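Encoded as structure tokens, the structure appears first; notes follow it.
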Amino acid sequence: MRRAGARGEKRANAIFFHGLGGDAHTTWQADELNKDTLWPAWLGEDIESLSVYCVGYEAPISDRDRATMHPTDLASNVLNSLLVDTRLGDGELILIGHSLGGLIIKMMLRKAQAEKNRRAEAASFIDRVRKVAFLATPHSGADLARVADVLRVLVRPSAATMSLVRNDAYLRELNEGYRDLARDREINHLILIERKPLIIRRKALGVTYFRKNLGVIVKPDSGDPGLLTNPVPIPADHIEIAKPANRDGDNIYKFVLDFFLRHAERPVSHEEKKIDAVKEDTQAIRENVERLTAELSMSNAQREALVGELAKVKAEYGGTVELASGFLETMVGREIAPEQFATTLFKIAGDWKTAGEKIDALSFSGNLSPRLSALRDQAKAVHVAGRLDEAEKLLAEIVRAESDALKRLEDHERKILEEIQLRKRGIAETKAAQASVAHARLNYRGAAALYGEAAYLVESFDFEGRRTLLLAQAAELYAQGEEFGDNAALSEAIALYRQCLDLAPRERVPLDWAMTQNDLGLAFSRLGERESGTARLEEAVAAYGEALKELTRERVPLQWATTQNNFGNALTRLGERESGTARLEEAVAVYGEALKERTRERVPNDWAMTQNNLGTALLRLGERESGTARLEGAVAAFGEALKEWTRERVPLQWATTQNNLGTALSRLGERESGAARLEEAVAAYGEALKERTRERVPLDWAMTQNNLGNALLRLGERESGTARLEEAVAAYGEAQKEYTRERVPLNWAMSTGNQGVTLTLLAERRGDAEMAKHAVQQIEAAFTAMRDGGDAPSAAYYEAQLPKARALAQKLAKR
């Protein structure tokens, strides 16, 4: 048994019990190769007068090498070792168990309780147990298959492993017995339950060749033993929960340290307070008697006066002086001198009467049974007779009886509460299942409402579950906003993500906080694309920057790459609205970083996504440069993306890339003399519209219609007829069915302005004065919206188109 000695005179002992497959050292070390990360030793350093012990015992997962003991025998063996250890002979005891270690603790205490009457050291041991901490202990069992899998059990699981079978009858009975023992012993508890799934990985030469998500090993219902102490959910898996990383910022260590330092007092029931009040009155009477006895020194004259007072007392209470003397002796527990008893009797008569009235007034719950009513009347009678010891015993018997009744009520109440929570959790899980069905039917609003209802159901007892459901609700609202152009849904998603950041701050759960920052950035970015100005996009950039403070490449490489990708998207959107190229160049660099981890071999779908996004940034840069190198690079990037983003596998992503490829080809076509690239662009947009339908993704459909109009316009400029120009006008008109001024003002301005430019050319070829006038109005509206919306480059473009359009309108009007 490993020990960390106490600083100063020892007052308490902390004993750590490891779990299945663990040992006295590595179970408690964040770094199994670094003994300085043995955190039980930190407690010995941080808490004066505390001795810390880490118990080791054989609890292997498999019996393939040797036979092992059942946990009950193991607990008995460990208990005997502790009882004969002289270092543990004094001081209060604090027991900490991880996983199976928590069950060992309960089995040990049951054994000690059974042996306390015939073994003094067992009685001393259990009497000194003040606190017990359970870390991911499966009080009603765990999933044996998952436990075996994570610990690589290939043949013959050990007796300890078999004891962890889910819903094992022995574990249920053990836990019920422990509840009674803990309540009777007034043991204080800390209960930490895991909330992250356990993921096992196999690596060779730095490459992960096997990965499996085993889920949460000890479910919340099994991790909660049903004590008065509320469990604390911890964002850690089954292994991490016993390995706090440091003593300053890790909440696991902080919770345990606070638990060790906290002073706990047993709650006193209302009935016990009533009895205590009577006892206090009785004690006050005794103290008055003793004080008067010590202070009173009587003269003969005083004694004669007191005899007269005694006569009055006798007349009131009856009896003789000898009876009064006997009463006083019974009252105070000792003999009173003759010259003192009269004054004493006179002094305490009023207080004694008051105490009797209090006993008579006892009603407890107002529904005393006939037996308890008789006991109360008997207590009053012996009190009146002066037999206070008997009165106290009778009152104590009433307390015990009422306390037993209270315990039964509390047990019933707890079971009802457990049943309520179980049913609420079941309803919440069902609503979550309903939400998944609604999601599959593209009813994102309905799914969000169901997740919100589920979160409300578990709000009072499942903190982490509530946050998970709120995140799911936010994700559904984001999908609603992204696919259906519902900006209000995006705003609701932003509010929910901010709420989740408050529920899980960076100091407590840094990685979860960072992932929520990433999701918040996505919502800001999507909303920013549709609003004028750059405020939302700047907020998105800030959110991604926050996320990257915790999502580092060294710590979580794939999540880091995902956030880098999203960060690049926000920079691209900002770059599109600024006149310079700094943001776009930064975006290209950020995508390059993401592709260091997002490789085609490792994550082909994510690799394709980043290739597509890189192509978009290169396209925007190419639009602002005179050469074609960036545009060719964009076409190449989109071509790479389409190697994995096929229509059969991911139809919407395929359509997105086809749309982007069409835009890059269109820009190249504008710089070349022929029409081949523009024809390719028209074909690419046509492909995109096969999946980008108005019903499914209305805003994306409108975007592709607008882009198709651009390519047709360029073709029409190079042809003598009007067919292509008419097709372009029609495409822009389709786009404006979803690109409304209220919903997406900048996109509306773009499509309206482009249609105005096309109408100008068409009016010139047709000689149509009304069409020319309408074209001027559209270009003017587009210029004003772009200028007011802060899109200076677009505003400048439409401003440059106005003189030609106005001149044509004036010319045709004179005809």
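Check whether at least one residue in segment 527-540 is open to solvent by less than 40 Å² (accessible area, probe 1.4 Å), of a type in the set (Gly, Ala, Ser) and touching a Leu at 6+ places or on another chain (Cβ under 8 Å), and report yes or no. The answer is yes, given that some residue of segment 527-540 is open to solvent by less than 40 Å² (accessible area, probe 1.4 Å), of a type in the set (Gly, Ala, Ser) and touching a Leu at 6+ places or on another chain (Cβ under 8 Å). With (1) over 20 Å from residue 794 (Cβ atoms); (2) among the polar types (S, T, N, Q); (3) without any contact (Cβ under 8 Å) to a residue 40 or more places away in the chain as the list, and residue 752 as the residue in question, which single condition is left unmet? Among (1) over 20 Å from residue 794 (Cβ atoms); (2) among the polar types (S, T, N, Q); (3) without any contact (Cβ under 8 Å) to a residue 40 or more places away in the chain, residue 752 violates only (1).
The residue that is nearest to the chain's Cα centre (by Cα), counting only those in segment 428-445 that are farther than 23 Å from residue 224 by Cβ and open to solvent by less than 20 Å² (accessible area, probe 1.4 Å), is 435.
Residue-by-condition table, conditions (1) farther than 19 Å from residue 576 by Cβ; (2) of a type in the set (D, E, K, R); (3) out of contact with any Cys (no Cβ under 7 Å at 6 or more places or on another chain):
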residue: 471; (1), (2), (3): yes, no, no
residue: 489; (1), (2), (3): yes, no, yes
residue: 495; (1), (2), (3): yes, no, yes
residue: 510; (1), (2), (3): yes, no, yes
residue: 515; (1), (2), (3): yes, no, yes
residue: 531; (1), (2), (3): no, yes, yes
residue: 548; (1), (2), (3): yes, no, yes
residue: 554; (1), (2), (3): yes, yes, yes
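Each residue in segment 223-251 was checked for being surrounded by 21 or more Cβ atoms within 10 Å (Cβ to Cβ), part of a helix (DSSP H, G or I) and either among the charged types (D, E, K, R) or touching a helix residue (DSSP H, G or I) at 6+ places or on another chain (Cβ under 9 Å) (or both), and 2 pass.
I'd like to verify a number: residues in segment 776-815 that are outside any helix (DSSP H, G or I) and open to solvent by 40 Å² or more (accessible area, probe 1.4 Å), how many? Even if it seems obvious, please write down each step before you answer.
Step one: filter segment 776-815 for residues outside any helix (DSSP H, G or I), giving 790-791, 814-815.
When the remaining residues are screened for being open to solvent by 40 Å² or more (accessible area, probe 1.4 Å), the result is 790, 814-815.
Going through segment 776-815 one residue at a time, the tally reaches 3.
Every residue, every condition in (1) modelled with pLDDT of 85 or more; (2) open to solvent by less than 50 Å² (accessible area, probe 1.4 Å); (3) within 19 Å of residue 171 (Cβ to Cβ); (4) part of a loop (DSSP other than H, G, I, E, B), yes or no:
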position: 6; (1), (2), (3), (4): no, yes, no, yes
position: 32; (1), (2), (3), (4): no, no, no, yes
position: 53; (1), (2), (3), (4): yes, yes, no, no
position: 64; (1), (2), (3), (4): no, no, no, yes
position: 75; (1), (2), (3), (4): yes, yes, yes, no
position: 82; (1), (2), (3), (4): yes, yes, no, no
position: 104; (1), (2), (3), (4): yes, yes, yes, no
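Close Cβ contacts (under 7 Å, 6 or more residues apart or on different chains) running from residues in segment 785-796 that are within 13 Å of residue 530 (Cβ to Cβ) to residues that are buried (at least 20 other Cβ atoms within 10 Å of the Cβ) and basic (Lys, Arg) comprise 791/577. In the set 391, 433, 379, only one residue is of a type in the set (A, V, I, L, M, F, W, C) and touching a residue at least 24 places away in the same chain (Cβ under 8 Å); that residue is 391. Take residue 514 and tell me if it is modelled with pLDDT of 95 or more, among the aliphatic types (A, V, I, L, M) and part of a helix (DSSP H, G or I). So residue 514 does not fit the description; no. Does residue 564 fit the bill of being surrounded by 20 or more Cβ atoms within 10 Å (Cβ to Cβ), within 27 Å of the chain's Cα centre (by Cα) and under 30 Å from residue 745 (Cα atoms)? So residue 564 fits the description; yes.
Reported count of residues in segment 603-642, each being without any contact (Cβ under 8 Å) to a residue 40 or more places away in the chain and over 30 Å from residue 673 (Cβ atoms), is 1.
Residue-by-condition table, conditions (1) closer than 24 Å to residue 503 by Cβ; (2) at pLDDT below 90; (3) surrounded by 15 or more Cβ atoms within 10 Å (Cβ to Cβ):
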{"site": "388", "(1), (2), (3)": "no, yes, yes"}
{"site": "392", "(1), (2), (3)": "no, yes, yes"}
{"site": "395", "(1), (2), (3)": "no, yes, yes"}
{"site": "399", "(1), (2), (3)": "no, yes, yes"}
{"site": "408", "(1), (2), (3)": "no, yes, no"}
{"site": "455", "(1), (2), (3)": "yes, no, yes"}
{"site": "460", "(1), (2), (3)": "yes, yes, no"}
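Do you know which of the residues in segment 84-102 that are open to solvent by 10 Å² or more (accessible area, probe 1.4 Å) and either of a type in the set (Val, Ile, Thr) or free of Cβ contacts under 8 Å to residues at least 12 places away in the same chain (or both) is nearest to residue 224 (Cα to Cα)? This residue is 84.
For segment 484-505, taking the residues that are buried (at least 17 other Cβ atoms within 10 Å of the Cβ) and part of a loop (DSSP other than H, G, I, E, B), the one that is nearest to the chain's Cα centre (by Cα) is identified as 504. Among all residues of segment 577-586, there is none that is part of a helix (DSSP H, G or I) and under 33 Å from the mean Cα position of the chain (by Cα). Out of all the residues in segment 455-473, which are of a type in the set (A, V, I, L, M, F, W, C) and within 15 Å of the chain's Cα centre (by Cα)? Passing the criteria: 455, 458, 461, 463, 469, 470, 471, 472.
So which residues in segment 551-576 are assigned to a helix (DSSP H, G or I) and of a type in the set (Ser, Thr, Tyr)? Selection gives 562, 563, 572.
Among the residues of segment 463-479, is any in contact with a His (Cβ under 8 Å, 6 or more places away or on another chain) and of a type outside the set (A, V, I, L, M, F, W, C)?
Kept after step one, since they are in contact with a His (Cβ under 8 Å, 6 or more places away or on another chain), are these residues of segment 463-479: 476, 479.
Narrowing further to those that are of a type outside the set (A, V, I, L, M, F, W, C): 476.
Checked segment 463-479: at least one residue is in contact with a His (Cβ under 8 Å, 6 or more places away or on another chain) and of a type outside the set (A, V, I, L, M, F, W, C).
The values are calculated or read from the model by the stated rules, or taken from the named source; none is laboratory data. Everything numeric in this text was worked out from a predicted model, so none of it was measured. Every residue, glycine among them, receives a Cβ derived from its backbone with ideal geometry; neighbour counts consider all protein chains shown. In case anyone asks, the SASA skips ligands and DNA or RNA and just uses the protein heavy atoms, side chains included. Shrake-Rupley method; radii C 1.70, N 1.55, O 1.52, S 1.80 Å.
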